[in-house]
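Below is one structure, written out as structure tokens; the observations come after it.
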């Protein structure tokens with residue numbers, strides 16, 4: 001199985017944020033920070049759990065931050081995957 | 001009359017009502033259903049296979065549509081119901097959230113069981129061997145106090161916020177606290193009510209094991225029959241009722257007529273048993289007399305009582321004894337739980353709203369499903385059709401597990 005490209009990964013993350021947290025795609029892609037999207041530290045714990053289950057990526061506390069924008073999150077997930 | 005001006009200072013106006021109950025969403029839908037006396041109880045797919053598999057749910061409650069998915073997913077249903085009811089109440093009161101002094105607006109909401117569906121789901125995860133999959137949101141979703149916190153956040157108000165927990169008297173307790181905050185000058189506006197959504201399988205099983213619930217699986221719609229000779233328990237319900245309260249002179253000054261005035265509150269404790277009411281009704285009698293004294297109202301001035309009337313054998317007999325002791329058989333008594341089932345912590349607030357609507361419309365709604373009245377009950381229970389009569393003073397009673405009793409006295413606006 002080939003791993004998704006970063007383009008696919010970004011689309012997947014946007015889809016997850018929409019499906020699980022009710023966030024509109026255009027808002028996520030607008031460059032808003034997670035904080036501005038109401039993704040606080042508790043929701044980041046939820047997001048890490050979802051990413052572990054759906055993408056098999058084991059993010060540690062602190063790998064995601066509420067100051068992140070979507071591209072930062074994509075980069076964090078990719079970095080974690082590269083280590084596996 | 002001595003004390004009358006001090007009493008006038010304590011009079012508060014119910015200037016807005018929000019209702020999200022098994023009788024419907026919004027004041028008009030609720031009143032229509034309540035006066036028709038048609039029960040909301042039905043078989044509940046989420047309770048399939050349980051000994052009691054029916055309940056009263058809020059029909060067509062779509063939290064995603066009403067609150068937006070972005071907000072709804074992180075809230076347990078008992079909070080969702082309360083936020084929707086609170087928004088309705090504030091809009092109904094005609095208050096402008098942009099211009100009010102938010103530091104002078106308080107929130108007090110009754111709740112008893114918290115986010116039971118959330119807790120049950122997360123406990124399943126934990127005991128299923130996946131503690132690292134327990135949600136970080138479990139605690140903020142489930143805690144009882146969070147409903148007051150979330151309503152304050154949603155309305156962006158910064159006065160005191162509080163959850164009252166006196167079981168099935170919680171909603172009435174909240175209104176009593178609200179009245180005291182207004183009378184004591186702590187707040188200028190209080191958003192007060194009650195909420196409950198605890199019809200999750202393990203919680204409902206707990207109620208069922210107590211013998212508190214009706215077992216009429218073959219005819220759920222006729223199961224809640226307060227004061228009937230053959231009543232056998234209550235029907236578990238969910239819902240929220242939120243009222244906007246203001247000092248009467250403040251409401252009058254801004255031209256708000258309101259639905260009714262809240263003029264008296266009384267509370268007492270049975271100190272008798274965890275769940276059974278004191279069979280003589282001594283505790284609820286004391287709450288009633290305290291509320292009447294607080295209001296400066298004589299028992300023979302009371303035209304209507306919206307009773308707690310849960311449809312359990314013990315509650316209804318105890319309560320009817322107390323009502324008869326205090327009022328004789330003069331007031332028209334009803335229990336709207338025949339329609340709504342028992343919304344637990346929401347009941348006191350929901351029923352205070354129905355009492356205010358009865359005063360406004362001059363209509364006592366009927367107690368649903370009563371074919372034969374319990375012969376031991378000597379009060380004038382309205383059954384069958386709604387009764388139209390001029391109403392000036394009305395009382396709403398609430399009794400909770402733990403022996404909490406509360407009574408509210410309302411007058412026509």
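The values are calculated or read from the model by the stated rules, or taken from the named source; none is laboratory data. Everything numeric here is computed off the predicted structure, so don't read it as measured data. Every residue, glycine as well, gets a Cβ built from its backbone with ideal geometry; the counts of neighbours run over all protein chains shown.
Answer yes or no as to whether residue B:172 is away from chain A (no Cβ under 14 Å), crowded, with 22+ Cβ neighbours inside 10 Å and over 13 Å from residue B:82 (Cα atoms).
yes
What is the one condition in (1) within 12 Å of another protein chain (Cβ to nearest Cβ); (2) modelled with pLDDT of 95 or more; (3) within 24 Å of residue B:139 (Cβ to Cβ) that residue A:18 does not satisfy?
If we test residue A:18 against (1) within 12 Å of another protein chain (Cβ to nearest Cβ); (2) modelled with pLDDT of 95 or more; (3) within 24 Å of residue B:139 (Cβ to Cβ), just (3) comes out false.
Being surrounded by 22 or more Cβ atoms within 10 Å (Cβ to Cβ) and either closer than 15 Å to residue B:113 by Cβ or within 14 Å of another protein chain (Cβ to nearest Cβ) (or both) is the filter here; which residues of region B:149-166 pass it?
B:150, B:163, B:164, B:166, listed by residue number.
Would you be able to say whether some residue in region B:260-272 is free of Cβ contacts under 8 Å to residues at least 24 places away in the same chain and in a loop (DSSP other than H, G, I, E, B)? Give the steps one after another, and end with the answer.
Quick first cut of region B:260-272, residues free of Cβ contacts under 8 Å to residues at least 24 places away in the same chain only: none.
Scanning region B:260-272 turns up no residue that is free of Cβ contacts under 8 Å to residues at least 24 places away in the same chain and in a loop (DSSP other than H, G, I, E, B).
Answer yes or no as to whether residue B:348 is touching a helix residue (DSSP H, G or I) at 6+ places or on another chain (Cβ under 8 Å), over 23 Å from residue B:27 (Cβ atoms) and modelled with pLDDT of 95 or more.
no
A quick yes/no check of all residues on (1) crowded, with 19+ Cβ neighbours inside 10 Å; (2) in contact (Cβ under 8 Å) with a residue 60 or more places away in the chain; (3) under 25 Å from residue B:232 (Cβ atoms); (4) under 14 Å from the mean Cα position of the chain (by Cα):
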residue	(1), (2), (3), (4)
B:314	no, no, yes, no
B:319	yes, yes, yes, no
B:348	yes, yes, yes, yes
B:355	yes, yes, no, yes
B:366	yes, yes, yes, no
B:391	yes, yes, no, no
B:400	yes, yes, yes, yes
B:409	yes, yes, no, no
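Pairs please, first residue from region B:240-259 and buried (at least 23 other Cβ atoms within 10 Å of the Cβ), second anywhere and at pLDDT below 95 and assigned to a loop (DSSP other than H, G, I, E, B), Cβ atoms under 8 Å, 6+ apart in sequence or on different chains.
B:251/B:257
Can you find, within region A:41-62, the residue that is farthest from residue B:137 (Cα to Cα) among those that are exposed (fewer than 14 other Cβ atoms within 10 Å of the Cβ) and within 12 Å of chain B (Cβ to nearest Cβ)?
A:58
Counting only residues that are closer than 11 Å to residue A:69 by Cβ and in a loop (DSSP other than H, G, I, E, B), which one in region A:26-38 is nearest to the other protein chains (Cβ to nearest Cβ)?
For region A:26-38, the residue satisfying everything is A:37.
For region B:59-73, does any single residue satisfy the condition of being buried (at least 17 other Cβ atoms within 10 Å of the Cβ), within 21 Å of residue B:337 (Cβ to Cβ) and either within 14 Å of chain A (Cβ to nearest Cβ) or at pLDDT 95 or above (or both)?
Within region B:59-73 (the criterion being buried (at least 17 other Cβ atoms within 10 Å of the Cβ), within 21 Å of residue B:337 (Cβ to Cβ) and either within 14 Å of chain A (Cβ to nearest Cβ) or at pLDDT 95 or above (or both)), the answer is yes, since at least one residue qualifies.
Across region A:54-72, what is the number of residues that are closer than 16 Å to residue A:42 by Cβ and within 12 Å of the chain's Cα centre (by Cα)?
6
Being assigned to a loop (DSSP other than H, G, I, E, B) and within 26 Å of the chain's Cα centre (by Cα) is the filter; apply it to region B:97-112 and report the residue that is nearest to residue B:15 (Cα to Cα). Talk me through it step by step, then tell me what you get.
Keep residues of region B:97-112 that are assigned to a loop (DSSP other than H, G, I, E, B), which gives B:97-101, B:111-112.
Those left that are additionally within 26 Å of the chain's Cα centre (by Cα): B:97, B:111-112.
Values: B:97: 15, B:111: 22, B:112: 26 Å.
Once the filter is applied, the top-ranked residue is B:97.
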